[in-house]
Amino acid sequence: MDVHLTINRDGELFLGYNQIRLLKQVLKDGSIHAAAMNLKMSYQHAWHLIDKLNRLSPIPVVVRQKGGKDGGGCSISPYGKKLIQMYEKKEFDLLGILEQSNSEFDCCFF
């Protein structure tokens, strides 16, 4: 069984499975471009997801560094790292509840 949460803010998708995958890959690669390539997603789509996430967030999630001698890149803010951690915990908790309910009850509560 798979569980994927979606969190909306102001009527728009704020955080979901694709955003979390992308954030985790950016954390690993240090670049939106590299993360998009590794996830087989267009850079334009990845940039749109990050831009929307930052726009809807009260605190920046992804922080960009301008290019220069060492090139540009980006990093996940401490707030962004906390979002990843909390999102994954909530998915894990929900999966446990659903698996428990399937074994204890004959019906689904949704």
Most exposed to least, judged by fewest other Cβ atoms within 10 Å, Met41, Met86 sort to Met86, Met41
Along the Cα→Cβ direction, 7 angstrom out, place labels at His45 and Glu99. What is the inter-label distance in nm?
2.9
I need Tyr87, Tyr43 ordered by Cβ neighbour count within 10 Å, fewest first.
Tyr43, Tyr87
Long-range amide H partners of Val62, meaning residues 5 or more apart or on another chain whose placed amide H is closer than 5 Å, are Ser77
Return a whole-number percent for the relative contact order of segment 13-64, with Cα pairs under 8 Å and 6 or more residues apart as the contact set.
32
Considering amide H positions built from the backbone, and no H for Pro or chain starts, which residues 5 or more places from Cys74, or on another chain, come under 5 Å of its amide H?
Ser31, Ile32, Gln65
Listed residues Phe92, Val61, Gly30: farthest to the positive end of the dipole of the chain (Cβ charges):
Gly30
Considering all projection directions equally, how large on average is the shadow of the alpha-carbon convex hull of the chain, in square nanometres?
8.2
So what is the 222 nm mean residue ellipticity for the chain from helices alone, if each DSSP H run of at least 4 adds -39500 (n - 2.57) and you divide by all residues, rounding to the nearest 500 deg cm²/dmol?
-18000 deg cm²/dmol
Output the relative contact order of the chain, whole-number percent, from Cα pairs under 8 angstrom with separation of 6+ residues.
24
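Each value in this text was obtained by applying a stated rule to the coordinates, not by laboratory testing. Computed from a predicted structure; not experimentally measured. No Cβ is skipped: glycine too gets one built from the backbone with ideal geometry, and neighbour counts run over all protein chains shown.
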